[in-house]
Amino acid sequence: MKPFPLKDPIAHITWKGDRLLMLDQRLLPRRIHYLTCRNAGAVARAIRCMALRGAPLIGVAAAYGMALAARCGRRELARAGRILRRARPTAVNLMHGVDAMLAAAALASEQDLVRRVTRAAEAFHREDIAGNQRMAVLGASLLRRGSRVMTHCNAGALATGGLGTAVGVIRYAHHVGKVSEVFSCETRPYLQGSRLTMWELMQGGVPATLITDNMAAHVMKTCGIDAVIVGADRIAANADVCNKIGTYGLAILARHHGIPFFVVAPATTVDMTTPDGSRIPIEERSSDEVLRIFGHPIAPVGARARHFAFDVTPHDLVTAIVTDRGIVRPAQGRNLKKVVG
Ligand code: MRU
């Protein structure tokens, strides 16, 4: 098989056999610094404080966290599973990562436990990398040559174990001449769009322009956007899509302007046990993250704020969902079941 033509911009997650190295994404793009996690508790803390983030990546990190816990026996493995599952509530990949390791453990003898769970974690990571590559090719097939696209948050390498989901499609499509320019929404309050997506696109040599979130409507109206491409944190059985806060607004804007709205996510993001988007738990984070930027207050002392981290886009606003198992089009529960099973 020919090697995939694009590489990850940086080694952001590396399994060392007895520890997990991860790029601390809170410091990007100013500083490249790696954290070392030697047990599942440290992995859960890194997920909770968003040192690493992005639905598929926290699934992969949780799988390695379980491999670290397996060294301390079955009881510790079960405890680690509970701690990791609670680290963040919305992205279902995290739960899939834990469950896949518990399933591997259930088949292992005592002597074999560490080896079986470690192998399963490595396989879970490899499958994410391969899935990203399949989605990149499938997603690019939906675009016309020279398209101008808009994306939100960071659904790139930094959010997965491999090349990325939405940004993987964009980078591959650029490589084959289908994307000429990308508009990246900055994604308040954590600024994944400005700090992470812009960094990745620039590293990959993709022409990219940063806009603030409230510029999206104007850019769609005046800059000739051909498609909006985003990732997902959980897709319900009826194909409703939960993703970074602001995605729902972009989908409404895209519909108004007649622009196709594509979601790119692996099967590990699909949750067939959640019937529709209203049942997806939406993480609400500290209001401090809204009231301050890099520690500097941006509102009057005592101001109240809310910080919803995700929102749900109803499936009828989604043109197609690109998964690693095929394209779901139109985005409806029946089609999702056919493709993802
Ligand atoms: O809060 P985050 O940064 O973990 O949210 C990430 C997103 O919403 C991404 O768009 C999503 O996880 C898809 S990543 C391939």
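The values are calculated or read from the model by the stated rules, or taken from the named source; none is laboratory data. None of the values given here were measured: they were computed from a predicted structure. Here the Cβ positions follow ideal geometry from the backbone for every residue, glycine too, while neighbour counts run over all protein chains shown.
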Of the conditions (1) among the hydroxyl-bearing types (Ser, Thr, Tyr); (2) loosely packed, with under 13 Cβ neighbours inside 10 Å; (3) farther than 20 Å from LEU94 by Cβ, SER286 fails just one. Which one is it?
(3)
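Please verify whether the range 246-253 includes one or more residues that are touching a Phe, Trp or Tyr at 6+ places or on another chain (Cβ under 6 Å), within 16 Å of the ligand (Cβ to nearest atom) and farther than 12 Å from ILE321 by Cβ. Spell out the reasoning first.
Looking only at the range 246-253, we keep the residues that are touching a Phe, Trp or Tyr at 6+ places or on another chain (Cβ under 6 Å), and these are 251.
Checking the rest, the ones that are also within 16 Å of the ligand (Cβ to nearest atom) come to 251.
Within this subset, residues satisfying the condition of being farther than 12 Å from ILE321 by Cβ are 251.
Yes, the range 246-253 contains a residue that is touching a Phe, Trp or Tyr at 6+ places or on another chain (Cβ under 6 Å), within 16 Å of the ligand (Cβ to nearest atom) and farther than 12 Å from ILE321 by Cβ.
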Quick check, is THR151 among the hydroxyl-bearing types (Ser, Thr, Tyr) and within 14 Å of the ligand (Cβ to nearest atom)?
yes
List pairs: first in the range 52-81 and closer than 22 Å to LEU23 by Cα, second aromatic (Phe, Trp, Tyr) and more than 13 Å from the ligand (Cβ to nearest atom), Cβ under 6 Å, 6+ apart or cross-chain?
ALA63/PHE124; TYR64/TRP15
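Can you say whether LYS178 is within 11 Å of the ligand (Cβ to nearest atom) and either assigned by TED's automatic domain parsing to the domain that holds VAL312 or not β-branched (Val, Ile, Thr) (or both), as far as the supplied structure shows? Steps first, please.
Working: within 11 Å of the ligand (Cβ to nearest atom): no; either assigned by TED's automatic domain parsing to the domain that holds VAL312 or not β-branched (Val, Ile, Thr) (or both): yes.
Here the answer is no, as LYS178 does not meet what is asked.
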Please go through the range 307-328 and pick out each residue that is surrounded by fewer than 16 Cβ atoms within 10 Å (Cβ to Cβ) and in contact with a strand residue (DSSP E or B) (Cβ under 7 Å, 6 or more places away or on another chain).
PHE308
Being buried (at least 18 other Cβ atoms within 10 Å of the Cβ) and out of contact with any His (no Cβ under 8 Å at 6 or more places or on another chain) is true for just one of MET220, MET215, MET198. Which residue is that?
MET198
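Okay, residues lined up against (1) more than 10 Å from the ligand (Cβ to nearest atom); (2) within 19 Å of the chain's Cα centre (by Cα):
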{"residue": "ILE170", "(1), (2)": "yes, yes"}
{"residue": "SER184", "(1), (2)": "yes, yes"}
{"residue": "THR187", "(1), (2)": "no, yes"}
{"residue": "GLY193", "(1), (2)": "no, yes"}
{"residue": "LEU201", "(1), (2)": "yes, yes"}
{"residue": "LEU210", "(1), (2)": "yes, no"}
{"residue": "MET215", "(1), (2)": "yes, no"}
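Please pick out the residue among THR187, THR209 that is β-branched (Val, Ile, Thr) and either buried (at least 21 other Cβ atoms within 10 Å of the Cβ) or assigned to a loop (DSSP other than H, G, I, E, B) (or both).
Going through THR187, THR209 in turn, just one is β-branched (Val, Ile, Thr) and either buried (at least 21 other Cβ atoms within 10 Å of the Cβ) or assigned to a loop (DSSP other than H, G, I, E, B) (or both): THR187.
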Matching residues in the range 30-63 - criterion: being surrounded by fewer than 15 Cβ atoms within 10 Å (Cβ to Cβ) and not charged (D, E, K, R)
ILE32, HIS33, TYR34, THR36, CYS49
For the range 229-254, how many residues meet the condition of being out of contact with any strand residue (DSSP E or B) (no Cβ under 7 Å at 6 or more places or on another chain) and either of a type in the set (S, T, N, Q) or not assigned by TED's automatic domain parsing to the domain that holds VAL318 (or both)?
1
Of the criteria (1) aliphatic (A, V, I, L, M); (2) under 20 Å from the mean Cα position of the chain (by Cα); (3) in a helix (DSSP H, G or I), which one MET150 fails
(3)
